[in-house]
Each structure stands twice: as C-alpha cells, then as structure tokens.
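Below: the structure, in structure tokens.
None of the figures in this text is laboratory data; all of them are computed from the coordinates on show. A quick note: this is a predicted structure, and the numbers were derived from the prediction, not measured. Cβ coordinates were reconstructed from backbone atoms using ideal geometry, including for glycine residues, and neighbour counts include every protein chain displayed.
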Amino acid sequence: MGDWQAEAAFAEFQTRKQAIADVSNRDNEAVTRLRAIDTLLFDVLRWDKSYVETEKYCRAEGYADYVFEIDGRPLLVLEAKRAGTSFVIANASFEGHPYVFQLLAKESPSAMDALRQALGYAATLGSTYIAISNGHQWLFTLTFVPEESLQERHIYVFESLEAIEKRFRLFWNCFSADGIQRNIVSDHLLQSRRVPAPAKFSTRIAGYPHKADRNVFRNELSYILDLVWQIVAQGEASQDFVTNCYVSPNSHADVIGLARELLERRRHEDDVLVQFDIKSIDQLPHQVAQLPAERPFVVLGEVGRGKSSFLKYLRLVAARDSLKNYIQIDIDFLDRPDSAEEVPDFIYGEIERQLREKYHVDIYEDGFVRGVLHGELTRLRKTPKGKLYEGDEKRYREFEVDHIDSVVKNRHSYFTMVMHHLKRGRRCSLAIFFDNLDRRVEPLQEAAFLKCSAMARDWCSLVFVCLRPTTSYKSQQSGVLDAIAPKTFTVSQPDLALVLKKRFTYAKELLPWERRVP
C-alpha cells in the first residue's frame, strides 16, 4: 500500500475495468464482492488486507461488510450490496462535487437503506467515513456532521465505472488508504466549511469564558455508570440477566404453559420416531408413526414489545428443563440475506455452521455422512450397478462417492436425514428460532415462511418465528401463512416502570460494593 500512487492505480483500473463491468445484475452479493468490490479495493487501490476486517460484528446492529482500520482506528465502513441493487436512477449523471443526499434518497430507497445500515455500524465502531457500493456504483460521506440528518448529508456519488474513470483522482481521495488517512475530502463534505458560521454571541460577554466549577463526583459517577451499562449490555443473552431483568406480563403465563407443553409433546413424539430408519424425505417418520406433522409457531408483537426477550426467557428460564435435550438453532434475519433467492442457502448455511461450532457436528465429514446414509449405502451395494462393480473395489468406491454427492446436493433432503440421525443417535429433539424476520421485505419473509413450514414438517422440529401482527395478518390474507396455518400467540407490552426498576437493580448489583450508591 505504501508506495502505490493514484497514477499506478488508474492504470490498473483501466486494465481491470472490463472484468468488473462483467459482473451481472443477476449475481448475488457474494459474487459482486469477490469479482468487483474486492478487485477495486485490493487490486486497484491496493489496500493492505491486514488493515481490512470483513463481517465485523457490531453489537445490536449486525455484521459490517468491510471495516478499514489504520493504526487500530476505524476510518471507513463500507456496506456492499449485489450488483442488481441500484443506488441512483437510470442514466443519472453527477459531477465532481458533493451532492445533498435528500433528493437521491427519495429517488433511490435502496441507497437510503444501505447508507443508514452503514451508518449504524459506523456509529457503533466510531468510524470517520461511511460508504456503500454495488461494485459499479459507489457513494461516500462522513459518518457524523453536527446538526445534519442523514438526508441533509453531503455525499460524493460515482454513478458508474465510467464516472470512476472520469473522476479517478477524486475516487482515489475518497477510498484509498492515503486519501482517507489524510482526510483530503472531509472539508468539502462539511457544509459549515462552505458558509463560515457567524461569531458566537458568547464572544460579546465580558469575562467569558471562565473556568467551570466541575463536580468531581458527577464525572466519576458517569464513568462508572457507562462501564456498568456496557457490562449489562454484554450479558443480555445470559441466564442471569434474563432471570433478574425480564418482566413477564400477566397474559404470558398461559402462553408459557402452552409452549412448555409443546416442547414436552415434541420430545415424547421424538422418542417414538427414533425407532424408524429415515431412508428418504418421501418416507417421513411421522407418517410411519401416524403422528401429526409440526407447523411453525409464530410469536406476534410490535417492534420493541419484547418478542426476542420472551423467547430468551422461555429458553433460559421458563422452559430450560424442557429444552435440556434439544438442539437449538438461532437464525437472525437482521441484515442477511439480501434477497428471497438467497434464503435457503442462508438458512442451511447457518444450521451447518451452528451444528459444527456449538454441537461439534460436521455434517459433511466423511464418517458422519456415511453414518447418516448407512442404510442407503447398504442398499446401494445390492443394486445392479453395485453388483456390477462387486469385484472392482476402486470403481465401486467411485460409484459410491458419486451417489453420495448426488444425495448431499439436495440439501433439504440431506438435512432431513441428518436431523433424524442426530435425534436417533443423541436422543434429542430440534428447536429452531427465526428472529427479526418481520424487519425484512415481504418476498424474503414469504420465502422464509415456506422454508419454516418444510423444516417443521419434514424434520419434525419446533420452529419459532417472530412477526408483527400486521405482517402476519397480511400474509394470512394474501400470502403463504394462509396455506401454512401456523400456531400463533401474542406478546403484550410489559410494565415499563417495572422493567426499568429491575434493570437498575441488576446494574447496581454489578457495581463493586464500595462504589454502590445507597
């Protein structure tokens, strides 16, 4: 990165421009990042990869796509979207000066959503700049400007690869490590620098300013409280926090009783199902055992009413014993995936990752795969083709591996066999929790609903989904919930005064004894 200059970067850009342009609107975010965004960042601008962190976790916000740090200080957060997501209207052209974001935000909601998402990450990390890109279009601005909303913010817009080529020096100043570290464009993004502010009225006051009489105890207390709230926030998913801070509305007693009953019933039915060998998705155990198929369990409530907190309380406290022998999978839709088409891969990928990391089960490890497909592989050897290769072990092994690949490729069918294999081997049940799905667009929700239904039915699992009442009602009228007909219950708002009282009491207990305020 050190000796790499804008002139050399421009020559590299012209060499790679066509390859970047070949990234199609049909390509997903992963392909866009690999073939376009990464090419510009690492091959053209020559960012040192040790200075860049991808998928960086930002508490309560999600995962930032790219975070650029120099000397350990975050300077830029870049949010990536697939090439098909447009940030400017078609055929719009821009010049080499900043534009007020307000009109662009109105014309392109995708740009507004992406920039607001990047702003959330940057505010959490303390980054100076934020940017968004779909590989072809790049937008760049400051994270914070005093007394300016995001719509009022001034931004640089590079609406196409041709615009980048035309204004490459400006692009270099915005996105290169050299330009960001030197803050070359920051002056032009600050409205206050264009129109000098009038002198403050305080300058006319005789004897002003004078030394402030600061309250030492107030400052010390503010530091302690800030530390305590950080500790409290880090433990929000712990059993201790939920036990001491959760406030259960009176109406939840029956709901919790019903949820525990469902968990116990599912566990009892799984004790029956493990007696059967799952040979394929067409021969499901609940059909063999004449047991009813599961349906998704929908948790209804407005944003901020405590749907996620209710499920934490159910899992960590109220139904902890009932869930003792459950494999529990959490799937958070806060900012992933980007489209409805990516829902299946996202869900299966999360399940595979959590089984590997939380339960030490690698579902693609050779021994495990052969264990799952043991019955099928035994039958395979007896088939005509298996008999044909009976005397040639090498050719039979190749034939067997090809067959295994064809089975594993159908992920839902293979995962069905995996789940029942785990139930039989570990004497356990399966519960899956879908959170923040109600924050996503309707096509993505509907795709997830359909996958929920298939998982509950085929895997004989309990699937909990958090939704807003309006979302649920609309889908029941004209969407997939009408066909799925899930079980539902509503989370009501707790007593906020009691919530605050419990949290302050809990925070006070975290303080060292000698620092507690009576």
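Find, among the trypsin sites (Lys or Arg not before Pro) in segment 383-436, those assigned to loop by DSSP (not H, G, I, E, B) with at most 13 other beta-carbon atoms within 10 angstrom.
R427
Assuming 0.36 nm per residue, please report the length gained on full extension of the stretch A90 to N244 beyond their Cα-Cα distance. Present the calculation step by step, with values, prior to reporting the outcome.
Numbers: separation 154, 0.36 × 154 = 55.44 nm, distance 5.41 nm.
Going from the current span to full extension adds 50.0 nm.
Read phi for every residue in segment 92-100 and hand back ³J(HN,Hα) as whole Hz from Karplus 6.51 cos²θ - 1.76 cosθ + 1.60, θ = phi - 60°, with x for Gly and Pro.
6, 10, 10, 10, x, 10, x, 10, 5
Please identify every one of the chymotrypsin sites (Phe, Trp or Tyr not before Pro) in segment 362-469 that sits in a loop by DSSP and has no more than 14 other beta carbons within 10 Å of its own beta carbon. Numbers along the way, then the final one.
On the way: sites: Y364, F368, Y389, Y396, F399, Y414, F415, F433, F434, F449, W459, F464; in loops: Y364, Y389, W459.
When the chymotrypsin sites (Phe, Trp or Tyr not before Pro) of segment 362-469 are filtered for loop state and at most 14 Cβ neighbours within 10 Å, Y364 remain.
Roughly what would the spin-label model give for T490 and R397, points 7 Å off Cα along C-beta, in nm?
6.3
Please give, to one decimal in nm, the separation of the simple spin-label points placed at K106 and V272, each 7 Å out from Cα toward the Cβ.
According to this spin-label approximation, the distance is 6.2 nm.
Taking the number of other C-beta atoms within 10 Å as the exposure measure, put M112, M419 in order starting with the fewest. Don't skip to the answer; put the middle values down first.
Values: M112 19, M419 25.
Result, fewest neighbours first: M112, M419.
Each residue of segment 158-165 in turn: what ³J(HN,Hα) in whole Hz from Karplus with 6.51, -1.76, 1.60 and θ = phi - 60°, glycine and Pro shown as x?
Using θ = phi - 60°, the values come out as 10, 7, 6, 5, 5, 5, 4, 5 Hz.
So if we plug the beta-carbon distance of K324 and F368 into 1/(1 + (r/R0)^6) with R0 = 22 Å, what FRET efficiency do we get, rounded to 0.05?
0.40
Report, in listed order, any pair from K307/K501; K382/K451; K106/K166; K312/K358 with a Cα-Cα distance greater than 24 Å.
K382/K451; K106/K166
Using a simple spin-label model with points 7 Å from Cα along the Cα→Cβ vector, what separation in nm is obtained for E148 and D332?
3.1
As I understand it, the dipole of segment 6-194 uses +1 on the Cβ of Lys and Arg and -1 on the Cβ of Asp and Glu, about the Cα centre. Which of Q102, A131, A8 lies farthest toward its positive end?
Q102
For a Förster distance of 35 Å, can you work out the FRET efficiency between the beta-carbons of I70 and Q18, rounded to the nearest 0.05?
Taking R0 as 35 Å, the efficiency between I70 and Q18 is 0.65.
In which sequence would K307, K166 go, from the one with the fewest C-beta neighbours within 10 Å to the one with the most?
Ascending Cβ contact count within 10 Å gives the list K166, K307.
Taking H as built 1.01 Å from N, whose amide H comes closer than 5 Å to the amide H of V298, not counting residues under 5 places away?
Residues meeting the criterion, in which the H sits 1.01 Å from N, are V465, K487, T488, F489.
Mind checking which aspartates and glutamates have their C-alpha under 16 Å from K49, skipping anything on the same chain fewer than 8 residues away?
D3, D38, D65, E69, D71, D178
Between I184 and R503, what FRET efficiency comes out of the Förster formula 1/(1 + (r/R0)^6) with R0 = 41 Å and r the beta carbon distance, rounded to 0.05?
E(calc), rounded to 0.05, equals 0.35.
Which of the three applies to segment 6-194, rounded, prolate or oblate, going by the alpha-carbon gyration tensor with a ≥ b ≥ c and a/c under 1.5 meaning rounded? Before the final figure, lay out each step's value.
On the way: a/c = 1.21, a/b = 1.14, b/c = 1.07.
Judged from the Cα gyration tensor, segment 6-194 comes out rounded (a/c under 1.5).
How large is ³J(HN,Hα) for each residue in segment 381-394, as worked out from phi by the Karplus curve 6.51 cos²θ - 1.76 cosθ + 1.60 (θ = phi - 60°), to whole Hz, x for Gly and Pro?
5, 8, 6, x, 5, x, 5, 4, 8, 4, x, 10, 4, 5
State the extension gain, in nm to one decimal, for the chain segment bounded by T383 and E53, taking 0.36 nm per residue of separation less the distance between their alpha-carbons. Intermediate values should be presented prior to the final figure.
Details: separation 330, 0.36 × 330 = 118.80 nm, distance 5.12 nm.
Length difference between fully extended and current span is 113.7 nm.
In what order do C466, C58 fall by count of nearby beta-carbon atoms within 10 Å, going from fewest to most?
Ordered by Cβ neighbours within 10 Å, fewest first: C58, C466.
Tell me the GluC sites (Glu not before Pro) within segment 308-406 that lie in a loop according to DSSP and have at most 14 other beta-carbon atoms within 10 Å.
Passing both the DSSP loop test and the Cβ count: E365, E390.
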